[in-house]
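The values are calculated or read from the model by the stated rules, or taken from the named source; none is laboratory data. Computed from a predicted model, the values in this text were never measured in an experiment. Note that each Cβ is placed from the backbone with ideal geometry, even for glycine, and that neighbours are counted across all protein chains shown. Note: areas computed on protein heavy atoms with side chains; ligands, DNA, RNA excluded. Shrake-Rupley method; radii C 1.70, N 1.55, O 1.52, S 1.80 Å.
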Amino acid sequence: EIAFTKEQVGTVGIDEQESINAYAIFPNPVENDIVNVQFNSSSDEVALSIIDLTGKKVFADIYYNQNNQNQQLNISDLKPGLYIISLDSGNSRVSKKLIVK
């Protein structure tokens, strides 16, 4: 005789709430040394990273508090090219392209 038990080990679905629900980068492309990153997060901690196309992290910072954030980043050290800005709140990650001229 074979007996089976049912156990829930996790949930996945469209009802899960993203903790980062709005995200904007401007100006993009960036021609001066300042880029604005706006995001709305329900998380207490959001990690922001800028990654070049080789996968190297060229900028990283952590922002605390929740709700609306507008961060001005000085990217004068970045060479012209394509980068990825990633926001990670632990349970969600969003990424966008950033062009530096």
Inset, instruction - Filter the range 58-100 down to residues that are open to solvent by less than 90 Å² (accessible area, probe 1.4 Å) and hydroxyl-bearing (Ser, Thr, Tyr) and give me whichever is modelled with the highest pLDDT. - result: 83
Inset, instruction - Specify the residue that is modelled with the highest pLDDT; the eligible residues are those in the range 1-24 that are farther than 12 Å from residue 94 by Cα and open to solvent by less than 80 Å² (accessible area, probe 1.4 Å). - result: 10
Inset, instruction - Tell me, please, whether a residue that is closer than 16 Å to residue 36 by Cβ and in contact (Cβ under 8 Å) with a residue 60 or more places away in the chain can be found in the range 63-70. - result: no
Legend entry - Filtered residue count, the range 44-57, keeping only those that are without any contact (Cβ under 8 Å) to a residue 40 or more places away in the chain and exposed (fewer than 15 other Cβ atoms within 10 Å of the Cβ): 6
Legend entry - Total residues in the range 61-101, condition under 16 Å from the mean Cα position of the chain (by Cα), assigned to a loop (DSSP other than H, G, I, E, B) and aliphatic (A, V, I, L, M): 0
